[in-house]
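A short worksheet on the structure shown next.
Each reported figure results from applying straightforward, stated rules to the coordinates on display, with no laboratory input. No experiment lies behind these values; they were computed from the predicted model shown. Backbone-built Cβ (ideal geometry, glycine too); neighbour counts: all protein chains shown.
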Amino acid sequence: MSEEKVLLTSEGLEKLKTELEHLIETRRPEVIERIHRAKELGDTADNPEYEEAQNEQAFVEGRIIELERTVKNAEVMPVEKTRPSFVKFGSKVTVVNEDGEKRKYAIVGSPESSPSEGKISNESPVGRALLGKQVGDEVEVEVPKGLIKLKIASITKK
């Protein structure tokens, strides 16, 4: 069974690879050392240091598996050399809401989305609504706060 491709920007893929390398080369050995030290303190039953280190090890190993799968199935979207005429994966979009406030979004893959940094997933409600639209187009999006209207002011390449 083949796994589904994960769309990423080249920057997003590099960031995930860096995190994976850090987890494997730094965090994993640190956690193993913590477990070893906790075992040396005696019985592992009722040993909070040992239990905490095991929990951290489970988290680190789970994240390593997740990142390895994501990197393995990553499909990096090519960067256009010309100014895009419509919103697509990797685009940077400036939108204006009903109150005249401007917001800038980069359309990225789910693993690299970070709304606080203006990086929204192509699978998010706003991301899906913007895909395929052009400058001047208006979209209505249902978000947790209700229905919002956005007008596309500009589109640039990533």
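For LYS39 and LYS5, what does the FRET efficiency come to when R0 = 41 Å and r is the distance between their Cβ atoms, rounded to the nearest 0.05? Once the sixth-power term is evaluated, E becomes 0.45.
The HN-Hα couplings worked out from phi for the stretch 146-152 by the Karplus form 6.51 cos²θ - 1.76 cosθ + 1.60 (θ = phi - 60°) are x, 7, 10, 10, 10, 10, 7 Hz, whole numbers, x standing for Gly and Pro.
Of all DSSP beta bridges confined to the stretch 1-137, the antiparallel ones make up roughly 50%. Over the Cα atoms of the stretch 92-156, the radius of gyration divided by the Kirkwood radius equals 0.92; this is the Rg/Rh ratio. Close amide H partners of VAL108, meaning residues 5 or more places away or on another chain with modelled amide H under 5 Å apart, are GLY90, ILE120, SER121, ASN122. Ordered by the count of other Cβ atoms within 10 Å of each Cβ, fewest first, ILE65, ILE120, ILE148, ILE107 give ILE65, ILE148, ILE120, ILE107.
Taking the inverse of the mean reciprocal distance over all distinct Cα pairs, the Kirkwood hydrodynamic radius of the stretch 6-76 comes to 13.4 Å. Using the Karplus relation 6.51 cos²θ - 1.76 cosθ + 1.60 with θ = phi - 60°, the per-residue 3J(HN,Hα) values for the stretch 37-48 come to 5, 5, 5, 5, 6, x, 4, 7, 6, 6, 10, x Hz, with x marking Gly and Pro. Helical content of the chain, expressed as a calculated mean residue ellipticity at 222 nm, amounts to -11500 deg cm²/dmol (DSSP H runs of 4 or more residues, -39,500 (n - 2.57) each, divided by residue number, nearest 500). Of the residues LYS72, LYS17, LYS39, the one that moves most in a GNM of the chain with alpha-carbon contacts below 10 Å is LYS39. In this simple spin-label model, placing a label point 7 Å from the Cα along the Cα-to-Cβ direction at both PHE59 and ALA153 gives a separation of 3.9 nm. For semi-axes √(5λ) of the Cα gyration tensor in Å, the candidate list reads (1) 42, 18, 12; (2) 30, 17, 14; (3) 40, 16, 12; the entry that matches the value derived from this model is (1). When you filter the trypsin sites (Lys or Arg not before Pro) in the stretch 108-155 for DSSP loop state and at most 16 other Cβ atoms inside 10 Å of their Cβ, you are left with LYS145.
Applying the Karplus relation 6.51 cos²θ - 1.76 cosθ + 1.60 with θ = phi - 60° to the stretch 113-122 yields 3J(HN,Hα) values of 5, 7, x, 5, 9, x, 9, 10, 5, 5 Hz, where x marks Gly and Pro.
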